[in-house]
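All remarks here apply to the structure that follows.
The values are calculated or read from the model by the stated rules, or taken from the named source; none is laboratory data. Because the structure is a prediction, the values reported are computed rather than measured. FYI the Cβ positions are ideal-geometry reconstructions off the backbone, even for glycines, and counts take in every protein chain you see.
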C-alpha cells in the first residue's frame, strides 16, 4: 500500500489544495488535556498518554515452538536413533535438566530443559514403548523460541500517541500490564443547520427532509472514540446560530456543524463564528465538498461541513477526521493509505477539481483489482455511500480511459 496522493499544492481557480488545507488544520490541532487510567479490557480505541515499558522479558525462557521431543543434537548420530524418554514436559510445567542420551517429551510453549539444544517435531518421530525413534536429525536451536526474542525487560513496547487496537491490548496483557494511562475522550458537540430538517419518526411536511447528517456525523465521531454531544437542529437565523455555537463551545472540546457554511443569505455560520471568535473559511479544490469552515469559538475549535450528505462524509474523512485524531493525541502520519487499481470506465471530461468518487473495488477472476464508480455524481445521493466500499481519486484535469490506474482509499482506512 502507498500513501494517499490526496492533493497538490496548487488549486483550481485559486482554491486551496487539500494538502494545504490539511496542513493548516493540523497546525491548529491541540491534544486534549486530561488523562485517566483504564483497564486494558476497556482500552480499545483509546490513545496512550504515556509510553509503556515492559518489566519482563518475553518469552521469559527458551520454549518449544512445536510438539515433539527435546534432545541434545549431539545424540542424533544417525537417522533412526532410538532414545529413552526420560520425562514429559507440558506447557505450564518446568522440566528437570535433560539426562544425556535421552529425550524429553515436550509440548508447544513448554520450557526447554537444560542440556537440550533442539526440538525434534513429533511428525518425524516414532514412539516405541518408553523410547522414541527419531528418523531425521535436527540442528542446534531447531524449533526453539529463545528467551527475549520478542521483548526485553526495559524495552518500550508502545509509545505515547498510539491508538490502541486489539493487537495492542494483547501485547499489553502479554507483558503483564493491567491498566494504561490514556487521554480522556474528546467531547464534540454537533448540530445541524436548516429549517427544512426534521428528525426521523416525524411526518414530513411540505419542503422538509429528514436530518440524516446528525446520525452520519454521530456515527463517524463515535467510531473514533469521541464523546458526542447532540444539540439537534438549529433554525436558519443568525441569532439562533450564535446561541447554538455558544452553547456548544461551553460544554465541548470541539464543535461541528453541517450546513450553513457557504455564503448565501441563509448561511449564517460564517458571520456567527466571526462574531464569537475567528474563522478561516476556504474553498478547497476537491469534489464533492468544496466549502469548509474552520475556526474557533473563543478557544474551542470549530469545523463546519457542507450540508449535502456526501460532501459532509468526504470532508469529514479527509479533513475533520485527521484533525480530531491529532486532537485526541494520536501521533504519526494521519494520511490514509491508498491502493492502486484499474478503472472500468472512461473519464473523458475531468473536473477542474480533484474528485473523490464513491467507488467499489472488486477483484476479477485473475485477482486483479478494478474500480467502478457510482452512477450519480450528485453529493445529495446518500445511498451511494452505502453502495461504495471506498473513494477513487480522479485527478483534476486528467482524462482517463478504461484500464488506466488510479488511487483508491478503502473505507476501512477512513472509518476507524
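Brief remarks follow.
- Total residues in the stretch 278-302, condition closer than 24 Å to residue 32 by Cα, in contact with a strand residue (DSSP E or B) (Cβ under 7 Å, 6 or more places away or on another chain) and at pLDDT 85 or above: 12
- Listed by first and then second residue, the pairs linking a residue in the stretch 393-407 that is more than 17 Å from residue 339 (Cβ to Cβ) and not assigned by TED's automatic domain parsing to the domain that holds residue 354 to a residue that is at pLDDT below 95 and surrounded by 12 or more Cβ atoms within 10 Å (Cβ to Cβ), with Cβ atoms under 6 Å apart and 6 or more places separating them unless they lie on different chains, form an empty list.
- Residue within the stretch 270-284 that is in a loop (DSSP other than H, G, I, E, B) and in contact with a helix residue (DSSP H, G or I) (Cβ under 9 Å, 6 or more places away or on another chain) present: no
- Condition met for residue 116 (at pLDDT below 95, assigned to a loop (DSSP other than H, G, I, E, B) and buried (at least 19 other Cβ atoms within 10 Å of the Cβ)): no
- Flag if residue 255 is in contact (Cβ under 8 Å) with a residue 40 or more places away in the chain, surrounded by 21 or more Cβ atoms within 10 Å (Cβ to Cβ) and part of a loop (DSSP other than H, G, I, E, B): no
- Number of positions in the stretch 216-242 that are free of Cβ contacts under 8 Å to residues at least 40 places away in the same chain, within 19 Å of residue 261 (Cα to Cα), out of contact with any strand residue (DSSP E or B) (no Cβ under 8 Å at 6 or more places or on another chain) and in a helix (DSSP H, G or I): 3
- So residue 149, is it touching a residue at least 60 places away in the same chain (Cβ under 8 Å) and assigned to a loop (DSSP other than H, G, I, E, B): yes
- Residue check, residue 260 outside the structural domain of residue 43 (by TED's automatic domain parsing), touching a residue at least 12 places away in the same chain (Cβ under 8 Å), under 26 Å from the mean Cα position of the chain (by Cα) and outside any helix (DSSP H, G or I): no
Residue-wise test of (1) surrounded by 15 or more Cβ atoms within 10 Å (Cβ to Cβ); (2) modelled with pLDDT of 95 or more.
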{"site": "176", "(1), (2)": "no, yes"}
{"site": "181", "(1), (2)": "yes, yes"}
{"site": "190", "(1), (2)": "yes, yes"}
{"site": "194", "(1), (2)": "yes, no"}
{"site": "197", "(1), (2)": "yes, no"}
{"site": "218", "(1), (2)": "yes, yes"}
{"site": "224", "(1), (2)": "yes, yes"}
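- Residues considered: 84, 60, 79. Of these, the only one that is assigned to a loop (DSSP other than H, G, I, E, B) and over 29 Å from residue 153 (Cα atoms) is 79.
- Considered as a group, the residues in the stretch 20-55 that are surrounded by 15 or more Cβ atoms within 10 Å (Cβ to Cβ) and more than 30 Å from residue 255 (Cβ to Cβ) include one that is farthest from the chain's Cα centre (by Cα), and that residue is 54.
- Test for residue 250: is it in contact (Cβ under 8 Å) with a residue 40 or more places away in the chain and assigned to a helix (DSSP H, G or I): no
- Filter pass, residue 379 being buried (at least 20 other Cβ atoms within 10 Å of the Cβ), assigned to a loop (DSSP other than H, G, I, E, B) and touching a helix residue (DSSP H, G or I) at 6+ places or on another chain (Cβ under 7 Å): yes
- Test: residue in the stretch 294-314 that is farther than 27 Å from residue 279 by Cα, without any contact (Cβ under 8 Å) to a residue 60 or more places away in the chain, more than 25 Å from the chain's Cα centre (by Cα) and assigned by TED's automatic domain parsing to the domain that holds residue 260: no
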